[in-house]
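No lab work stands behind these numbers, since they all come straight from the coordinates. Keep in mind the model is a prediction, meaning the values are calculated, not measured.
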């Protein structure tokens with residue numbers, strides 16, 4: 001699960017917690033050729049690959065009251081013919097922004 005703050009801006013990237021897929025087969029069948037992201041919310045997120053790292057990049061504004069949870073499928077494809085795949089379900093939760101507040105303390109005096 002990936003948590004995203006509601007006030008994050010388009011262009012923000014979220015590194016996926018696990019590394020790239022691994023395929024124990026030999027030859028082309030054991031080579032991961034690519035990844036793709038399947039989602040009904042294509043206007044909000046896209047997949048970005050930089051070397052061995054994968055990121056989800058926010059491309060749309062988020063509104064927690066409108067939609068607070070997103071579910072996507074990250075698909076890893078091997079080099080076989082036909083290619084085989086493994087599907088990871090990725091869940092993203094929109095969280096409240098962090099507001100800075102001053103420290104307050106209260107003192108209660110009781111009369112007996």
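Here are a few things to note about the model shown:
- Theoretical gain in end-to-end length, residue 95 to residue 7 [0.36 nm per residue, Cα-Cα removed]: 30.8 nm
- Share of Cα-Cα pairs in region 2-95 lying beyond 24 Å, as whole percent: 26
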